[in-house]
Amino acid sequence: MSLCRGCGASIEWIRTTAGRSMPVDPEPVFIVEEDGGRERFITDEGEVVAGRRALPEEEGPACAVGFVPHWKTCPAADRFRRR
Ligand SMILES: [Zn+2]
């Protein structure tokens, strides 16, 4: 666990299967995987998943679990966009 240099929030780093380290929010979320989904999530194994967050009534064992990239929620995200 470390702190975001932009906003001071707690973040975790996950190494993706592509070998990049991604900052993510530490709380896992339920994901509905969708081909062509516009949002990206990272599983704890470092896989990048396209899809969307599950609605509350969809949450459960059928969902994937993953992490939201921190730059989606960071109020200072433009500091570390597209390096
Ligand atoms: Zn931040």
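Quick notes
- Over all other residues within a Cβ to Cβ distance under 14 Å of E47, the charged ones net out to 0, with Lys and Arg as +1 and Asp and Glu as -1.
- Amide H contacts of E39: G51, each under 5 Å away and 5 or more positions distant or on a separate chain (H built 1.01 Å from N in the peptide plane; Pro and chain starts excluded).
- Measuring nothing but how far apart in sequence close Cα pairs (under 8 Å, 6+ apart) lie, relative to its length, segment 2-80 scores a relative contact order of 32 percent.
- Point-charge dipole on Cβ atoms (K/R +1, D/E -1) for the chain, about Cα centre, debye to 20: 760
- Radius 15 Å from Cβ of G37, net charge of other residues (Lys, Arg +1; Asp, Glu -1): -1
- Cβ-defined net charge surrounding R15, 12 Å radius [Lys, Arg +1; Asp, Glu -1]: -3
- Close amide H partners of E47, meaning residues 5 or more places away or on another chain with modelled amide H under 5 Å apart, are T17.
Bear in mind that the values in this text are calculations on the coordinates, not laboratory data. These figures come from a predicted structure and were not determined experimentally. As a convention, Cβ positions derive from the backbone with ideal geometry for all residues, glycine included, and neighbour counts pool all protein chains shown.
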